[in-house]
Amino acid sequence: MRLSQIRDFLAVVESGGIRAAARKLGVSQPAITRSVRGLEAELRTRLLHRTPTGVVPTQSGRAFVARARAAQAELRKAEEEVDQLGQNAGSVAFGVSPTSAMMVPEAVARFRQQFPQTRVRIAEGLPQALIPQVRDETLDFAICRRAIVKLDSGLAFRPLLRNDFVVVARKGHPLEKASSLAQLVEASWISLLPLDAPDGPFASAFSPTGVSAPKQVIQCESYNTAIGLIAKSDMVGFLSRQLLADSILGEFLEEIPVAEPLPSFSVGMFTRTDTPLTQAAAAMASAIVAASRARARSGKAESASPE
């Protein structure tokens, strides 16, 4: 098996066709075809299937894609590790969820003091989008909320801080004087997680009270869209207390303080257990840990003990 075969196969999968992959790589279509067929012969299985709309991986192909991406990422990291030892720039890519973004500015400033030339890519998203990218090594690590579900053996989680959920609404909301969840049941809600998510705030907040969960709920997987809906309508939702206090959200959103205790959650770092971080990625991870500790010392967040 040759590295060029892995490269060509991934290009076909990501481009959706032989012709598009050839254009992307700057080689001929017959060369791509020969390369993929050689890979299939090496693996003794069919990896790709032609459809009227393009080329898609078979079941075996889908299984191979995840491993191939991880292998390609490892080779990229190895090359960058050697480059960094030779004092070349290198790169680091990490993900952050909205609840952890407040640590990033200080962390990046710390990192830049040590690696001023390193290329940095920051991807923002919800945990369900970021964690798979850590698993396939698209991202070096991700900083986001820990779900209560058990991690698979390929991932590790290091807790950094704890935070609380609060109910938020636009300033001047008709229900801003509400003092209990029961008074908010009939409101229109927005949720970044499915209502039945075991680690979500709806299940944790409403179930212990005996109050039925709201029926008017929009599930929105875009943080910015969710904030926009809350700010420009009479919808309410759960948000991180720390995020509300630290960002410009406080200018147009406010907490509705309810009597019931609301759940807290752990924010931390997801990494792969079988792959060491590159020098640059390890330095960025250390900078984020330092930033989270600084916030805990200043009282802006509660430090999380290892879980």
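The values are calculated or read from the model by the stated rules, or taken from the named source; none is laboratory data. Since we're looking at a predicted model, the values are computed, not measured. So basically every Cβ, Gly included, is an ideal-geometry build from the backbone, and we count neighbours across all protein chains shown. Accessible surface is based on the protein model in full, side chains and every heavy atom, while ligands, DNA and RNA are left aside. Shrake-Rupley method; radii C 1.70, N 1.55, O 1.52, S 1.80 Å.
Does at least one position in region 165-184 carry a residue that is modelled with pLDDT under 85 and closer than 17 Å to residue 126 by Cα?
Looking only at region 165-184, we keep the residues that are modelled with pLDDT under 85, and these are none.
Looking through region 165-184, none of the residues is modelled with pLDDT under 85 and closer than 17 Å to residue 126 by Cα.
Taking only pairs six or more apart or across chains, which ones have beta-carbon atoms under 6 Å, a first residue in region 157-186 that is farther than 20 Å from residue 208 by Cβ, and a second residue that is among the basic types (Lys, Arg)?
Partner pairs satisfying both residue conditions: 157/146.
Within region 1-49, can you find the residues that are at pLDDT below 85, basic (Lys, Arg) and more than 32 Å from the chain's Cα centre (by Cα)?
Of everything in region 1-49, nothing turns out to be at pLDDT below 85, basic (Lys, Arg) and more than 32 Å from the chain's Cα centre (by Cα).
If I ask for residues that are touching a helix residue (DSSP H, G or I) at 6+ places or on another chain (Cβ under 7 Å) and assigned to a loop (DSSP other than H, G, I, E, B), which ones from region 32-83 would you list?
Passing the criteria: 45, 46, 47.
Of everything in region 121-139, what is of a type in the set (D, E, K, R), open to solvent by 10 Å² or more (accessible area, probe 1.4 Å) and part of a loop (DSSP other than H, G, I, E, B)? Give them in sequence order. Steps first, please.
From region 121-139, those of a type in the set (D, E, K, R) are 121, 124, 135-137; that's our starting set.
Pick out the ones that are also open to solvent by 10 Å² or more (accessible area, probe 1.4 Å) and you get 121, 124, 135-136.
The one that is of a type in the set (D, E, K, R), open to solvent by 10 Å² or more (accessible area, probe 1.4 Å) and part of a loop (DSSP other than H, G, I, E, B): 136.
Restricting attention to region 99-135, which residues are under 18 Å from residue 296 (Cα atoms) and in contact with a Gly (Cβ under 9 Å, 6 or more places away or on another chain)?
Listed by number, the list holds a single entry, 100.
Could you tell me whether residue 116 is open to solvent by 40 Å² or more (accessible area, probe 1.4 Å) and modelled with pLDDT under 90?
Details: open to solvent by 40 Å² or more (accessible area, probe 1.4 Å): yes; modelled with pLDDT under 90: yes.
Considered against the rule, which asks whether it is open to solvent by 40 Å² or more (accessible area, probe 1.4 Å) and modelled with pLDDT under 90, residue 116 comes out as yes.
If a residue must be more than 19 Å from residue 54 (Cβ to Cβ) and among the basic types (Lys, Arg), how many such residues does region 8-43 contain?
The total comes to 1.
Please identify the pairs in which a residue from region 205-226 that is within 18 Å of residue 243 (Cα to Cα) has its Cβ atom under 8 Å from the Cβ atom of a residue that is open to solvent by 70 Å² or more (accessible area, probe 1.4 Å), counting only partners at least 6 apart or on another chain.
Short answer, once both residue conditions are applied: 221/128; 223/124.
Any chance you could count how many residues in region 189-236 are more than 16 Å from residue 258 (Cβ to Cβ), part of a loop (DSSP other than H, G, I, E, B) and open to solvent by 40 Å² or more (accessible area, probe 1.4 Å)?
11
For region 50-88: of the residues being open to solvent by less than 30 Å² (accessible area, probe 1.4 Å) and closer than 30 Å to residue 112 by Cα, which is modelled with the lowest pLDDT?
Among them, the one singled out is 84.
Taking the residues in region 155-188 that are polar (S, T, N, Q) and outside any helix (DSSP H, G or I) as candidates, determine which candidate is surrounded by the most Cβ atoms within 10 Å (Cβ to Cβ). If you could, list the steps in order and put the result at the bottom.
Looking only at region 155-188, we keep the residues that are polar (S, T, N, Q), and these are 163, 179-180, 183, 188.
Pick out the ones that are also outside any helix (DSSP H, G or I) and you get 163, 179-180, 188.
Working: 163: 20, 179: 12, 180: 13, 188: 16.
Top of the filtered list is 163.
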